[in-house]
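Here the structure is laid out as structure tokens; the discussion comes afterwards.
The values are calculated or read from the model by the stated rules, or taken from the named source; none is laboratory data. Computed from a prediction, not measured in an experiment: that's the story for all the values here. Cβ: placed from backbone, ideal geometry, glycine included. Neighbour counts: every protein chain shown. Areas reflect the complete protein model, heavy atoms only, side chains present, ligands, DNA and RNA absent. Shrake-Rupley method; radii C 1.70, N 1.55, O 1.52, S 1.80 Å.
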Amino acid sequence: AHPAPALVAFWAAAFAGVALVAAVMHRRAGFWGLWAGAWAWWTLLAGALAFAAPGMSYLFLVPALAAGVVALPFTLGGIESRWTQLLVVIVPLLLAASLWLLLGLFLYDALGVNVLPGITALVAVVVTPLAPLIGSVHPRWRWALPSVAGGITLLAAIAALASPAYTPDSPQRLNIVFHQEGESGQARWLVFGDARTVPEPLRAAAPFAGAAINPFPWLALPALPVPSEAEGSEAEGSQVEGSPARALVAEAPRMDQHAPFLSVLQKSIRDNKWHVRARLISLRGAPQATLYLPATARLLRLTLQGKPVMPPQRLGWRAASCLTLPPDGVEVELTFAEAAPVELFVADRSPGLPLAGEALLKARPATAVPSQDGDLTLFTRRLWLTP
């Protein structure tokens, strides 16, 4: 909720690191040794990027080239003064900063907390050209900059740790799911997170187990649909799944409704391939349904409502979703490389929680809100396709 102290800490840490290296190395390297060392690394990075990612190499190549051009007359002519030193440091440094620092400013907004160490590394690289000037100041002040930057890093880090992680204006994303399994009828509440991230009032509202678990075999829920290329089509066949999800689990009262079903209409073997035609239907009238197939099933082709789709493999599963499920379901055609038993799962989902979830909704604090798919009611069924 308050990122400024953390950003200050990670930026100041970069300055502290460069200033410390400059103070330690100046006695052996001198001004031109530090200058050459900094720009040698820029040149090496530019060369590496020219092979790995040519389109990005200019970010290192242009400042390194400018440094060489600006310093060439002074290194060849042996002319050196304080103004010379300022010129060969400041000109390429300003060019490097113009290319890099805006990226550093917006990385946090783009990628969040996990990118903070990357910001430190980026800022440290950008300010390495300052090392010759830092090292050449009076010995009495040479250690002042790393000390001050280190002190700012420590104070800002303490402030960041003391600040609340979430506020009503910058809330935590926290979805609650009611899940009922078709074969056993077992019902449970799922709160995605763990004992460290789920607020205590919500953990106390139901008998959640202490340890978070992967709640589904396909590991990543909820899945985020990708719009179909076929405009107006009811069937959506591809989706992007999240990282392996972990959730706190608590027993829930069972709902008197049925899980979705995949009704097999026809099975045949043609051209040494196994063809299955079936209908995916939500028996409780949910608006969305998903078919989960293990990647080991050797699926060759899949169609929904006659439209060919091929879901990407994510975490060992393929997931085909219909986001506007008709009351009579959708027709699914599957083609496998061989006629062998296939274990699969079908799931349907609808927004919101049943009435029994009212206590959980009230217990969720103002610093946490549902996001993306939001709170869901989810029914699943495990099935086997056999030749």
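Structure values in brief
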quantity: Residue within region 360-370 that is open to solvent by less than 40 Å² (accessible area, probe 1.4 Å), closer than 19 Å to PHE216 by Cα and either touching a residue at least 60 places away in the same chain (Cβ under 8 Å) or in a strand (DSSP E or B) (or both) present; calculated: no
quantity: Among (1) open to solvent by less than 50 Å² (accessible area, probe 1.4 Å); (2) of a type in the set (A, V, I, L, M); (3) at pLDDT below 95; (4) in contact with a Pro (Cβ under 8 Å, 6 or more places away or on another chain), the one test that ILE269 misses; calculated: (1)
quantity: Residues of region 10-38 satisfying the condition of being surrounded by 22 or more Cβ atoms within 10 Å (Cβ to Cβ) and either modelled with pLDDT under 90 or under 26 Å from LEU116 (Cα atoms) (or both); calculated: PHE10, TRP11, ALA12, ALA13, ALA14, PHE15, ALA16, VAL18, ALA19, ALA22, ALA38
quantity: Number of the condition not met by THR153 [criteria: (1) modelled with pLDDT of 90 or more; (2) surrounded by 14 or more Cβ atoms within 10 Å (Cβ to Cβ); (3) under 23 Å from the mean Cα position of the chain (by Cα)]; calculated: (3)
quantity: Residue check for PHE379: out of contact with any Pro (no Cβ under 7 Å at 6 or more places or on another chain) and open to solvent by less than 20 Å² (accessible area, probe 1.4 Å); calculated: no
quantity: Qualifying residue in region 41-54 (condition: outside any helix (DSSP H, G or I), surrounded by fewer than 18 Cβ atoms within 10 Å (Cβ to Cβ) and out of contact with any Pro (no Cβ under 6 Å at 6 or more places or on another chain)); calculated: yes
quantity: Selected residue (criterion: farthest from THR377 (Cα to Cα)) from residues of region 288-312 that are in a loop (DSSP other than H, G, I, E, B) and of a type outside the set (A, V, I, L, M, F, W, C); calculated: ARG298
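So that you can scan it fast, the table gives a plain yes or no per residue for (1) under 15 Å from TRP35 (Cβ atoms); (2) open to solvent by 50 Å² or more (accessible area, probe 1.4 Å); (3) not polar (S, T, N, Q):
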residue	(1), (2), (3)
ALA71	yes, no, yes
GLN85	yes, no, no
LEU101	no, yes, yes
ASP109	no, yes, yes
LEU122	no, no, yes
